[in-house]
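In what follows, a single structure is set out as structure tokens and then discussed.
FYI, it's all coordinate maths here, none of it is from the lab. What you see is a predicted model; the values in this text were computed from it and never measured. No Cβ is skipped: glycine too gets one built from the backbone with ideal geometry, and neighbour counts run over all protein chains shown.
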Amino acid sequence: MKISDMPSARKLLLLGMLASLLPDLGGACAADAQRSLQQLQHTAWTSRDGAPPEVWALAQSNDGYLWLGTGGGLYRFDGASFEKFRPVKGESLPSLNVNSLLATRSGDLWIGFASGALARLRAGHLTTFDLGLPPVPVLELSEDRTGGIWAALGENDRGGVARFHQGRWEIFGRSRGVAAGAATSVLGAADGSVWIAAGGELEVLRPGTNRFSPVTASASDRPKLKQSPDGAIWLTTGARPGLQRIAASPAQAAPTWIVPPMTADPRAESILFDRHGNLWGTYGSGGVFRLDGVGLGDRALIADSAKEKFGAERGLTSNLANPILEDREGNVWVGTNLGLDQFRETSVVVATGLPTDSRNGFRIARGRSGSMYVTSKDALFRVDPEHVARKLVQLPQRPLILHTDALLRTWIGTDRTLGILSGVTVRDVPLPWARSRPFALLEEAPGRICVSSVEGAFCRKERGWTSEPRLATPGILPMQMLRDELGRVWIAEGDRIEMVDGTTRRVFSARSDLSLGTVVVMAVRGRHVYAGGDFGLARFSGQRFITLTSDTHPFLSRTAGIVETSEGDLWLNTVAGVVNIASTDLDYAFAHTSRPVKARVFDRDDGMPGVAQQDSWSQTAMEASDGRLWFVTRLGVAWIDPKRLSFNSLPPPVIIKSLVYDGRIYAVSTPIQLPKGASNLQIEYTAPSLSMPSRVRFRYRLEGVDDDWVDPGTRRAAFYTGLKPGSYRFRLMAANDDGVWNRRGATLEFEIPPTFFQSWPFYLLCAALALALLWLGYSLRLRAIAERIRARMNERLDERERIARELHDTLLQSVQGLIMRFSNIAQDITAIQPAHRDMLDALDSADAVVVEGRDRVHELRRWSGARSLSDVVTHTAERLLLSDKIEIRVGVEGLQREIYPAIADELLRITDEALFNVTRHAHARKVSIAVSYGAEELVLRIIDDGVGIAPEIVAQGGVAGHFGLVGMRERAEKIGGQLAITPAPAGGTQVEIKVAAEIAYADRPQPIWLAWWYRLAKKRNGK
């Protein structure tokens, strides 16, 4: 079938489909077009934000700081706060009125003053130079290819040029070709030449020459010089049209005049070429201007559309602008007499030409060639990325619906009417119900439009409405209707969604995992069906909706716009901003709904004019035919090109600014030693990333204190309390706004000396005192135990003496008396021989009893008259052992001391049992007894060379039925001693008992130091 034979509706449908499929050449060519000055993100700082006024010079040093030379001093700016420069002690600025700044490649900062003085700031220290000339302001500083520093000095008709070389300043005058008069600008060019504007002349010092030569140009009225990326030299002048372009090579052509945006005074105060080749300039009374792309080639004329101005009427701090600078991140800075301004490219671009707000919100629909249709409260606009929005038609009523169908017809719906855009008018399409009703619109098939309200659902393709009961929601107002690629229709109905699949209807609500609250928006792409609402985002899995809640993902709260790109990435318009989730991260999120999802959020810092428009019941995010994504906010419409997202690849410089203790600020150039006893301190740091300083994140760690890296977020200070004395190392890292980390970071070492009470001598003293107290406690405890033992022993000894006295005074005396009487009787009965002999035998027996009784009494009192334990032990050994068969040796070690009688008595009882065992069981030939008077204990040791004792007997504590060993142990325990029975080293048995000195000795305990001294003296005497 030929196209000419097709019905008109099919022709329109085919043409619309072809138009949508044809490459958008215009959009493709413009994809990388230069953004207008108004499309850049502008930020201003005034005195209310801490910015100084009267900014006359700007420079960025290697550490990332933006330096501001002002009429009131030198300031530096890290993107977050302004800080006035204060020289270290002993150094000072020659003046506060700074005219010019230069940050050199080596890291120095040169400062030119209105007084004619010059200063160099290097590694935090300031050096001042005097040129030896009458006071003439230093208007400009520049660095040549070899690192030489040039200064232009000028005021009225006075001035000159100076060069800093090999550590000193040299003045260039007429002998070096410099014209007489004020020098207003100096430029070190890329080819090694040096250009100056002096005395109304333009002059150049070529490499290899030592004299400036004139260049044909108009250099009147304080001109300024700059070199463009293509190598040309540009010159501002007071003569119209105001800008000259001069070839840098010696064989130059005539200057080319360039016409900037016109002001009353055509002379620019300063000019700058950015990295894109755009020429920026400032006017003394006209703000900022920009000429696009003129620095990339020889262009004699600039189209009017490429000339732009930006002044106080658009938000510039002041129209009196002077210095201009591009920082290392591509941001352009402008200083004015009232503050500081920044211009930067962002991922988000605000559409220009639209109302700044709309009381009833905006609506968007896709247009042709990458453009979009936008309605405000009373008008329809056509917007494209490269042009200002164009108003197409005034609308009599507020629009609620805006839709472009497959036939490229644009439908506009209000709460009462439906119309189609036709040229510059809107053709009315009567609705199928009589009364005004809110309704939802659906393109059920290409070119087939359906509307649905509480009155029912109706569809039309060419002319006339027909009822469509399948899409009706009786009694329920549908908020939005969509059709997916399978032909299913999805209807948003408050807090639920209804799916219509042929004759089958299915409802999804909170009971089926659609936990969104009110469903605000729906979107369809391929097999995916999305829904956004109050509490998150949901996606249809084929059987049910899976919801990502805003409790787990806060940036999903109040999702009002959803777009899935052809790559599968998801873009959302929420109250947090525009949210981008990569396809792989999105699939992971829906598979693990309780885990955080990786996302990138674009908010006001990225250029968004506001947050997602709410309560519009329409899509607030839409993809244009060129791939750009458009987003609706209550304060305007913005677009993002997913293929041209800005990304800051420069890791921020990391700087530890100071350490603060007790109100004193310590510089961090050298290791810091804090006062003794310091424990609470503050460490201030920064990272001068000037694009989006509010998103710069930090991590720090104080080694020895922090177990892991601390994440303070965007806070720029660390606080520590309760630090102990010692050496510390503070480490810091930072990431820029796009998460690029400077992992090398910065470090700070400091030391906290101990006070006397924190020092090792004090700790040793405390330890010694603690040990002394423990020893004292132990000694007191031991003495108490010894006193109790001695008291018990004394009681026993007293009892034994009492018994001995009683035996002696009563029983033995009585027996002795009876014996005497019986002796007398025996003498009287001598005549009776048998009786007399019996009586004498009885008397002998009685005498034996008396002798034995006296021996027992002697045993009870045998320690009373003795003072030497060794003597008593010797006597006992001689009494119990057969000296003719067993050799006895008794030895004494140490200085003999008095022993408590009770303790000695128990020791003798143990000795008796030990010697008895020797005579009975050992078969020994030699017995050695040693008494050792130690300072800490009394030791009694008995060693024989007999057959020894079986280990099992020792282990069992004795032989069953025998109580000798048991008794020995019990006696030892009673006096607090330790009894050990072991095999002797040379054979036989060794019995050893130890009693603590506090218990054994009756005299005053000998101090340990005296005992040690006695031992040492004894050893020396032995030598």
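Could you please state, rounded to a whole Å, how far the C-alpha centre of region 509-559 is from the C-alpha centre of region 879-949?
Cα centroid to Cα centroid, the span is 98 Å.
How high is the relative contact order of region 37-345? Use alpha-carbon pairs under 8 Å, at least six apart in sequence, and give a whole percent. It would help to have the intermediate numbers written out before the result.
Details: 865 pairs, mean separation 43.6, N = 309.
Averaging sequence separation for qualifying contacts and normalising by length gives 14 percent for region 37-345.
Given contacts defined as C-alpha pairs under 8 Å and at least six residues apart, what's the relative contact order of the chain, whole-number percent?
Numbers: 2308 pairs, mean separation 58.7, N = 1023.
Once divided by the residue count of the chain, the mean separation gives 6 percent.
Which entries in Lys224/Lys643; Lys391/Lys461; Lys224/Lys307; Lys84/Lys598; Lys84/Lys724 show an alpha-carbon gap greater than 31 Å? Write down the numbers at each step before the final one.
Details: Lys224/Lys643 38 Å; Lys391/Lys461 29 Å; Lys224/Lys307 20 Å; Lys84/Lys598 40 Å; Lys84/Lys724 34 Å.
Table pairs above 31 Å Cα-Cα are Lys224/Lys643; Lys84/Lys598; Lys84/Lys724.
For Glu308, list long-range residues whose amide hydrogen, built 1.01 Å from N in the peptide plane, is under 5 Å from its own amide hydrogen.
Arg290
Using +1 at the C-beta of Lys and Arg and -1 at the C-beta of Asp and Glu, which of Val632, Ala621, Ala457 has the Cα lying farthest in the positive direction of the dipole of region 432-644?
Toward the positive end, the furthest listed residue is Ala457.
Using the Cα centre as the reference, give the magnitude of the dipole from point charges on the C-beta atoms of the chain (Lys, Arg: +1; Asp, Glu: -1; all else neutral), rounded to the nearest 20 debye. Could the numbers behind the result be given before it?
Values: 121 positive and 114 negative charges, 468 e Å.
So the dipole magnitude of the chain works out to roughly 2240 debye.
So what's the chain giving for Cα Rg divided by 2.2 N^0.38 Å, two decimals?
Values: Rg = 54.2 Å, N = 1023, 2.2 N^0.38 = 30.6 Å.
This ratio for the chain stands at 1.77.
Using alpha carbons only, how many angstrom separate the centre of region 662-727 from the centre of region 352-427?
Region 662-727 and region 352-427 have Cα centres spaced 55 Å from each other.
If you project the alpha carbons of region 337-464 onto the principal axes, what extent comes out on each, in Å, largest first?
Sorted largest first, the three principal extents are 65, 29, 25 Å.
Taking only the C-alpha atoms, wrap a convex hull around region 436-502 and report its volume per residue in Å³ as a whole number.
On the way: hull volume 5.4 nm³, N = 67.
For region 436-502, the hull spanned by Cα atoms encloses 81 Å³ per residue.
Is region 112-154 rounded, prolate or oblate when judged by the Cα gyration tensor, a ≥ b ≥ c being the square roots of its eigenvalues, rounded requiring a/c under 1.5 and prolate requiring a/b larger than b/c?
Numbers: a/c = 2.17, a/b = 1.18, b/c = 1.83.
Oblate is the answer for region 112-154, as a/c is 1.5 or above yet b/c matches or exceeds a/b.
Any idea what log10 I(q)/I(0) is at q = 0.12 Å⁻¹ for region 37-345, Debye with uniform C-alpha scatterers and no solvent?
For region 37-345, the Cα-only Debye profile gives -0.76.
Sum -39500 (n - 2.57) across every DSSP H segment of at least 4 residues in the chain, then divide by the residue count to get the 222 nm mean residue ellipticity, nearest 500. Intermediate results must be reported in sequence, preceding the final value.
On the way: 12 runs with 185 residues, N = 1023.
Calculated at 222 nm, the ellipticity per residue is -6000 deg cm²/dmol.
What whole number of Å gives the distance from the Cα centroid of region 105-126 to the Cα centroid of region 311-329?
Using only Cα atoms to place each centre, the spacing works out to 24 Å.
Applying the Karplus parametrisation 6.51 cos²θ - 1.76 cosθ + 1.60 with θ = phi - 60° to the phi angles of region 667-674, what ³J(HN,Hα) value in whole Hz is obtained for each residue in order, glycine and proline being reported as x?
So the Karplus estimates, Gly and Pro as x, are 5, 9, 5, 10, x, 9, 10, 7 Hz.
Direction-averaged shadow area of the convex hull around the Cα atoms of region 585-721, nm²?
Working: hull surface 55.3 nm².
Quarter of the Cα hull surface area: 13.8 nm².
If you fit an axis through the alpha-carbon atoms of helix 1008-1022 and take the longest principal axis of the Cα set of the chain, what angle between them do you get, 0 to 90°, nearest 10?
Approximately 70 degrees, to the nearest ten.
Per the Debye formula with a single identical scatterer at each Cα and no solvent contribution, what log10 I(q)/I(0) holds for region 432-644 at q = 0.10, 0.11, 0.15 Å⁻¹?
Treating every Cα as an identical point scatterer, log10 I(q)/I(0) equals -0.43, -0.52, -0.96.
Angle check, please: helix 8-21 long axis (alpha carbons) against the longest principal axis of the chain (alpha carbons), in degrees 0 to 90, nearest 10.
Orientation of helix 8-21: about 50 degrees from the principal axis.
Considering amide H positions built from the backbone, and no H for Pro or chain starts, which residues 5 or more places from Leu243, or on another chain, come under 5 Å of its amide H?
Ile258
Multiply the residue gap between Ser823 and Phe647 by 0.36 nm, knock off their C-alpha separation, and tell me the result in nm, one decimal place.
Working: separation 176, 0.36 × 176 = 63.36 nm, distance 13.55 nm.
Gain on stretching Ser823 to Phe647: 49.8 nm.
At 0.692 mPa s and 37 °C, plugging the Kirkwood radius over alpha-carbon pairs of region 655-755 into Stokes-Einstein gives what diffusion coefficient in µm²/s?
Numbers: Rh = 14.0 Å.
Translational D for this selection: 234 µm²/s.
Suppose the chain between Glu787 and Ala445 were pulled fully straight at 0.36 nm per residue; how much longer would it get relative to their current alpha carbon spacing?
The span from Glu787 to Ala445 would gain 111.9 nm if fully extended.
In region 136-178, which trypsin sites (Lys or Arg not before Pro) are in a loop and have at most 15 other Cβ atoms within 10 Å, using DSSP for the loop call?
Values: sites: Arg145, Arg158, Arg163, Arg168, Arg174, Arg176; in loops: Arg145.
When the trypsin sites (Lys or Arg not before Pro) of region 136-178 are filtered for loop state and at most 15 Cβ neighbours within 10 Å, Arg145 remain.
List the residues, sorted by chain then number, that are 5 or more residues from Leu431 or on another chain and whose placed amide H is less than 5 Å from its amide H.
Leu418
Helix 760-806 versus the longest principal axis of the chain: what is the Cα-based angle in degrees, 0 to 90, to the nearest 10?
Value to nearest ten degrees: 20.
How long are the semi-axes of the equivalent ellipsoid of region 264-380, defined as square roots of 5 times the Cα gyration tensor eigenvalues? Whole Å, largest first.
Details: eigenvalues 189, 72, 41 Å².
That gives 31, 19, 14 Å for the three semi-axes.
Can you run phi through the Karplus equation (6.51, -1.76, 1.60; θ = phi - 60°) for region 695-708 and list ³J(HN,Hα) in whole Hz, with x for Gly and Pro?
Each residue's phi maps through the Karplus curve to give 9, 5, 10, 10, 9, 9, 7, 9, 4, x, 10, 8, 5, 9 Hz.
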